[in-house]
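Step one of this worksheet: look at the structure below.
No value in this document is a laboratory result; all are computed from the given coordinates. All values reported here derive from a predicted model rather than from experimental measurement. Methodologically, a virtual Cβ is constructed for each residue, glycine included, from the backbone with ideal geometry; neighbour enumeration extends over all protein chains shown.
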Amino acid sequence: MSLKSVLGLEPDRKVRYAVVALGDIAQEAMLPGIAYTGNSELVALVSGDAAKARDVAEQYGISAIYPYERFGELLASGTIDAIYLATPNWRHAEFAVPALEAGIHVLIEKPLEISSEQGQLIADAQKRSTAKLMVAYRLHFEPATLSLIERIRSGEIGEVLTFSCAFAQMIDPANHRARSGFEAGPVLDMGPYPVNAARYVFEAEPTEVVSAVGVSHRFDGFDDTVAVTLRFPGNRLAQFTISYAANTIDSYTAVGTAGSIQMNPGFMFGMPLEQYSAVGDSKSHKSFKSTDHFGGQMRYFSDCILRNLDPEPDVEEGMADMRVLDGIARALKSGRPEPLPPFQRTRRIDTAQVQTLAARKTPDIVGVSNPAEGKEKAPAN
């Protein structure tokens with residue numbers, strides 16, 4: 001009897017996915033890699049734009065296309081096992097909750113939702129469901145990021161005291177992120193990256209938003225540039241600036257009592273991520289091979305589905321970041337420090353979950369464009 005039979009798995013079984021929403025992140029980053037995961041396959045598309053959906057379906061050789069209004073019909077069709085959810089942030093619960101209630105697994109883009117209250121709707125649905133949910137923190141599987149975590153855990157740079165980050169991209173004024181206010185602004189769109197990174201650098205949960213200051217340079221109706229300071233247990237501090245208005249920058253630094261490690265770039269996809277370190281008098285630099293962040297995380301999630309394992313990052317990880325993003329939103333309004341409610345994370349990143357699928361060429365995308373002005377890959381979602 002084969003090992004797969006012993007585990008109760010069908011030989012060569014693949015998880016059947018529907019991709020929900022066909023914006024830039026789905027077309028540019030997720031769709032190209034699905035066929036290369038080995039354990040996942042694309043079987044359906046869900047979109048509010050029928051013409052765009054037809055063009056994308058033709059590109060990938062599939063015939064099942066559903067408008068948003070027929071999403072329930074898709075869930076009941078028996079043709080899918082899971083969805084990859086890439087709608088705008090404020091529509092996540094709208095699709096994740098019924099999918100989970102139908103027993104359909106959900107790979108959901110970050111942030112989990114636009115508030116902890118909305119995120120809790122998803123968390124409650126997942127708790128009631130037999131289906132699994134994973135939040136698409138692609139860097140939890142990326143080799144350079146996991147190397148950073150291993151180096152910090154080994155004590156190489158001593159006790160980490162500070163985290164600092166500069167993260168900016170010039171958003172195209174025509175993109176929906178420039179026209180949908182705070183809910184699509186940099187706090188919720190870019191903020192999950194430094195918030196999540198600070199949490200895995202310190203391996204702790206922040207206790208307070210010490211300050212959050214927002215200004216606008218290019219866009220009306222929301223702060224396009226925001227600076228934040230977070231307090232972590234042990235009086236450790238994380239500071240970051242995120243911007244839709246400044247020239248592209250993408251780096252963060254962990255500074256400890258014995259040295260420092262900088263990731264530069266640290267969040268982007270479609271390019272090698274790099275480490276610069278200084279420990280005592282020794283300095284080093286390492287460039288990591290570019291990998292398919294999106295196909296890698298789907299391969300991991302599908303493996304969890306097929307082997308009945310609980311994925312990391314789970315819904316609790318998504319709620320951990322929502323708690324901090326909510327606090328930043330409150331501090332922006334109040335102009336005062338905002339304490340964060342107690343939170344205990346029960347699981348941390350396992351560096352053995354590294355994924356090394358080869359990076360794929362960006363395909364021609366239909367009806368959307370990269371949100372960032374310039375040539376860099378936009379990291380949003």
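Database remark: amide H of Leu161 closer than 5 angstrom to the amide H of Val255, Gly256, Thr257 (H placed geometrically; neighbours at sequence offset of 5 or more, or on other chains; Pro and chain starts carry no H).
Based on DSSP, what percent of beta bridges with both residues in the chain are antiparallel, to the nearest 5? Roughly 60 percent of the beta bridges in the chain run antiparallel, per DSSP. When you work out D = kT/(6 pi eta Rh) for the range 51-183 at 10 °C and 1.306 mPa s, using the Kirkwood radius from C-alpha pairs as Rh and the Stokes-Einstein form, the result is 89 µm²/s. The count of lysine pairs in the chain that are at least 8 places apart or cross chains, and whose C-alpha atoms lie under 26 Å apart, stands at 25. Label sites at Arg336 and Val366, each approximated as a point 7 angstrom past Cα along Cα to Cβ, lie 5.3 nm apart. For the range 244-261, backbone phi angles converted through the Karplus equation (6.51, -1.76, 1.60; θ = phi - 60°) give residue-by-residue couplings of 8, 10, 8, 4, 4, 8, 7, 8, 8, 9, 9, 10, x, 6, 10, x, 8, 10 Hz, Gly and Pro being listed as x. Separation of the range 149-219 from the range 48-105 is 30 Å, based on Cα centroids. Taking 0.36 nm per residue of sequence separation and removing the Cα-Cα distance, the Ala227/Asn308 pair yields an extension gain of 25.1 nm. Couplings 3J(HN,Hα) of the range 230-241, computed from phi: 10, 9, 10, x, x, 6, 8, 10, 10, 10, 8, 10 Hz, in residue order, whole Hz [Karplus 6.51 cos²θ - 1.76 cosθ + 1.60, θ = phi - 60°; x for Gly and Pro]. If R0 is taken as 25 Å, the Cβ-Cβ distance between Gln59 and Glu101 corresponds to a FRET efficiency of 0.20. Close amide H pairs (under 5 Å, H built 1.01 Å from N) link Val15 with Ser40, Glu41, residues at least 5 positions away or on another chain. Applying both filters, DSSP loop and at most 13 other Cβ atoms within 10 Å, to the chymotrypsin sites (Phe, Trp or Tyr not before Pro) of the range 272-381 gives Phe343.
Amide H contacts of Thr248 (H built 1.01 Å from N, in plane; Pro and chain starts excluded): Met170 sit under 5 Å, all sequence-distant by 5 or more or on other chains. Can you give the FRET efficiency to the nearest 0.05 for Val215 and Ser287, using r as the Cβ-Cβ distance and R₀ = 22 Å? That pair, Val215 with Ser287, gives E of 0.05. Its DSSP H runs of at least 4 residues, each contributing -39,500 (n - 2.57), put the calculated 222 nm mean residue ellipticity of the chain at -8000 deg cm²/dmol, to the nearest 500. In this rough spin-label picture, where each label sits 7 Å from Cα along the Cβ direction, the Phe182-Gln120 distance is 1.8 nm. Backbone phi angles across the range 75-88, fed through the Karplus curve with coefficients 6.51, -1.76 and 1.60 (θ = phi - 60°), yield HN-Hα couplings of 4, 8, 6, x, 9, 10, 9, 8, 10, 9, 9, 10, 6, x Hz in residue order; Gly and Pro are listed as x. Determine, from the Cβ-Cβ distance of Glu159 and Arg348 and an R0 of 22 Å, the FRET efficiency 1/(1 + (r/R0)^6), rounded to the nearest 0.05. Computed FRET efficiency for Glu159 and Arg348 comes out at 0.80. Projected over every direction and averaged, the convex hull enclosing the alpha-carbon atoms of the range 1-123 yields 8.3 nm². Taking other C-beta atoms within 10 Å as the exposure proxy, Asp250, Asp292 rank Asp250, Asp292 from fewest upward. Determine the sum of side-chain charges near Leu42: Lys and Arg each +1, Asp and Glu each -1, restricted to other residues whose C-beta is under 14 angstrom from that of Leu42. With Lys, Arg at +1 and Asp, Glu at -1, the neighbours total +1. Along each principal axis, taking the top coordinate minus the bottom one, the Cα set of the chain gives 56, 55, 40 Å in descending order.
Scattering from the range 140-291 was approximated by placing one identical point on each alpha carbon and applying the Debye formula without solvent; log10 I(q)/I(0) at 0.12, 0.15, 0.18 1/Å stands at -0.52, -0.79, -1.07.
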